[in-house]
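Read through the structure below, which is laid out as structure tokens, and then see the notes.
The values are calculated or read from the model by the stated rules, or taken from the named source; none is laboratory data. What you are looking at is a predicted structure, and each value in this text was computed from that prediction instead of being measured. Cβ sites come from the backbone with ideal geometry, for glycine too, and all protein chains shown count toward neighbours.
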Amino acid sequence: MKFFLDTANVEKIREFAEMGIVDGVTTNPSLIAKEGRNFEEVIKEITQIVDGPISAEVTKDTANEMVSEAESLASIHDNIVIKIPMTKEGIKATNMLAKKGIKVNMTLVFSPAQALLAAKAGARYISPFVGRLDDISHIGTELLISIREILDNYDFECEIIAASIRNPLHVVEAARIGVDIATIPPAVMEQLFKHPLTDIGIERFKKDWESVFGK
Ligand code: G3P
């Protein structure tokens, strides 16, 4: 399973990338705005830290506008993947970009039907939003199961990115389902490391050692 970081914070990206556990990065307009920095500058910096797919999202509404925005973002670095929202215009833009060899990550996917449309249009990645479905009392991970099943029936060259991850259980469930990628916010990445019994175990080993051999 690949781990992407869902953030535009370069310090956090650097911290986890140094551990060798980051295969890519996803950003969105909210995450970029949170950093309060120049969009292209941040994206460029991220490409220098992580050698893998880096998603940058378009902000325009029509297919033609999205394509020209995408072309300019794609020119920043070969690893740039264009995040396109799941709309009719977005599907049209995805198809146009796929034909030009520009990779698309179709975002804001909330149903199996939307995922199927994205795959058909030529999206290289599909991002179902697990947490936001949970927020409205749907079981977000069930969407992952459906999309996995659909993609496994055909030969689409398309990977699933479990997005809107809110807790470690989302990551573990995505892995059990066989989802290709989880894009994980830094706070959830931190939580993945933790288990109280690990801390207690380390403390006990240390105490036993020191009781015989000293510090
Ligand atoms: O980048 C898309 C997605 O991961 C956003 O997550 O927590 O804003 O629903 P969230």
Strands (runs of 3 or more DSSP E) wholly inside the stretch 1-97 containing at least 2 residues that are under 22 Å from Phe193 (Cα atoms) and within 16 Å of the ligand (Cβ to nearest atom): 2-6, 24-26
Condition broken by Val171, with the remaining ones in (1) out of contact with any strand residue (DSSP E or B) (no Cβ under 8 Å at 6 or more places or on another chain); (2) within 20 Å of Phe110 (Cβ to Cβ); (3) part of a helix (DSSP H, G or I) satisfied: (1)
Check on Gly90, surrounded by 19 or more Cβ atoms within 10 Å (Cβ to Cβ) and at pLDDT 95 or above: yes
Residue check for Ala163: away from the ligand (no atom under 13 Å from the Cβ), of a type in the set (Gly, Ala, Ser) and under 23 Å from Thr27 (Cα atoms): no
Count - residues of the stretch 174-185 that are assigned to a helix (DSSP H, G or I), surrounded by fewer than 23 Cβ atoms within 10 Å (Cβ to Cβ) and either under 14 Å from the mean Cα position of the chain (by Cα) or near the ligand (Cβ under 10 Å from one of its atoms) (or both): 1
Filtered residues of the stretch 118-134 (kept if over 15 Å from Thr26 (Cβ atoms), within 16 Å of the ligand (Cβ to nearest atom) and not in a helix (DSSP H, G or I)): none
